[in-house]
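The values are calculated or read from the model by the stated rules, or taken from the named source; none is laboratory data. Values in this document were obtained by computation on a predicted structure and should not be read as measured data. With ideal geometry, Cβ positions are generated from the backbone for all residues, glycine too; neighbour counts draw on all protein chains shown.
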Amino acid sequence: MHQSARRADPQTMPNRPAGAQRAPANEGLAGLQAAADSSAPVQRVAALQAAADGVIQRKTVAELGNYAQPAPQNVDSVRTDYATLTVGATHTGDMYQLMGAKALFPRLNVLLWGVTVSDNHATVNSAYQIASYINDSQHTYYTAGGKPGNNKPSRQEYEGLTHGNAIGWNKWIDEGGSSSVILYATENSNNGGNTERAAMRTGTAPIGNAQEEQAFDQALTQHGFAANTPYIIVNFRRSGHNGGTAPALDTGTTGYADIIAEVTQRFNNATIVPMGEVLPANFPAQNANLHNYFLWPAVAGDRRKQAGLLRYLNENYNVIGAVGMRSGVMDGLALAGFKILSIDISPEKQGNTSKGWERGSKLERALGASYGRAFIKDARHNETNLQDNNWAGAFSATDKATIGSAADTFFANQQPAAGTKHPSHPLSVQSLNALLIRVSNRYMRDPGAQRDNTHPLDPADRRMINMLNTLLAKDYTAVPNAANYLNVFRNVLQ
């Protein structure tokens, strides 16, 4: 079984009170921490979350105004000043990549669109979360209007920004564009991207001062963390089945147990740390955990402190890595310096695939082997029911094996080489070769040479090949012999 090579040095840690107990909830959060700590295993904490929404997230327009300005009536005038990152007011999961771009180029503007300007409105609450996390009121704006029109940068303009050339940068950069900023900044780095990755760690997960570090360390100790114990974090995502987006990317209560079992089987020396709103069944109360960490008094209601707490954990304790379904939280962990395994849905999956997996290719390239990915291919029961608060989400045996194998690939003792892809990755050599053989045998009269028009192209195959054609042509995907695959795939599409 594997062990992490890194160990925390107790002499570098702040002093911890002996025998510390869990901290009581402070005034204004009365009962929330107690409710979080006493939640039954594998139980939705809807009442707790409703209370948290009321105490922490309900914001007025005036409070939003502390961190963002109303955009001018002619919203285009924002980007004529300088390039502007745009994000939907409710897209809180995208704020980590956006902040990664801001950490590299602080002068970038930010436009939050889709804000219903009314006290306590859900869009004001979520816009406040993003704006307060960015913490740059001089260059952050909000508007009731929709997503700005197309005026995206070219690659040359992204690279111009990297080299300090802002001339002509009257561009909108959408959520996906934030990852492009990160990619081209690291690609054009003078030292292999190390300076940029360090800037993103401190920018996306700031730690204020020694007093804040002491508060973080005390909170972690009170929740079971100890120096030198190896930890693997498993994040629980649930937003899709609570009326949010991408429900098939939720973890599920049984899916949670499946991930934990696969990781434990391969790393039985490590302590599993549950993260999020749900504890796994029969979880020992005294064990290290990040259950509802966002409600801990040291960080409650402050996204910057919540991110700083997690970075402090990674840098001062023995964290091997973090596993979870693809989400903004997982991207935030990666940008803060964690080694992660992000579980995504393969584009080869029939039916309910998930958009956005290809955006991760940019972060893979920018962050290197610390941004590990695995792709599941089988549908999970009832995965698209948006209101199933107790969704089980069990993984197939094949997908469980994929998750375990990928954890082995990215969390083993040796650091994976840059560009390492798990075989489940759509752009891995194994996946591409398998697809090449399948489509050649099915659609080519002389494999790789002439199209057999007696066999109509299956729509799913067409969608997959079109997607790969686009991605393989991008140099950031760094696929060996990409031209060979492109040649065959283009012949198939004829």
Worksheet item: Any residue at all in the stretch 125-141 that is of a type in the set (Gly, Ala, Ser) and outside any helix (DSSP H, G or I)?
Response: no
Worksheet, complete the sentence: Going through the stretch 142-159 in order, the residues found to be assigned to a helix (DSSP H, G or I) and surrounded by 21 or more Cβ atoms within 10 Å (Cβ to Cβ) are 158
Worksheet item: Consider residue 441 against the criteria (1) without any contact (Cβ under 8 Å) to a residue 12 or more places away in the chain; (2) touching a Ser or Thr at 6+ places or on another chain (Cβ under 7 Å); (3) of a type outside the set (A, V, I, L, M, F, W, C): it satisfies all of them except one. Which criterion is unmet?
Response: (2)
Response to the item:
When the stretch 317-353 is checked residue by residue, the ones that are farther than 24 Å from residue 264 by Cα, under 11 Å from the mean Cα position of the chain (by Cα) and modelled with pLDDT under 95 are 328
Discussion item. Which numbered condition in (1) under 27 Å from residue 486 (Cα atoms); (2) touching a helix residue (DSSP H, G or I) at 6+ places or on another chain (Cβ under 6 Å); (3) small (Gly, Ala, Ser) is the only one that residue 431 fails?
Written reply: (2)
Response to the item:
Going through the stretch 391-417 in order, the residues found to be assigned to a loop (DSSP other than H, G, I, E, B) and exposed (fewer than 14 other Cβ atoms within 10 Å of the Cβ) are 413, 414, 415, 417
Worksheet item: What is the one condition in (1) touching a residue at least 60 places away in the same chain (Cβ under 8 Å); (2) crowded, with 17+ Cβ neighbours inside 10 Å that residue 202 does not satisfy?
Response: (2)
Worksheet item: Do the conditions hold for residue 283, that is, is it at pLDDT below 95, more than 26 Å from residue 93 (Cα to Cα) and assigned to a loop (DSSP other than H, G, I, E, B)?
Response: yes
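Looking at this structure, is residue 465 surrounded by fewer than 17 Cβ atoms within 10 Å (Cβ to Cβ), in a helix (DSSP H, G or I) and at pLDDT below 90?
Spelling it out, it is not the case that residue 465 is surrounded by fewer than 17 Cβ atoms within 10 Å (Cβ to Cβ), in a helix (DSSP H, G or I) and at pLDDT below 90.
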Worksheet, complete the sentence: Residues of the stretch 64-82 being surrounded by 16 or more Cβ atoms within 10 Å (Cβ to Cβ) and at pLDDT 85 or above, in sequence order, are 64, 67, 68, 71, 75
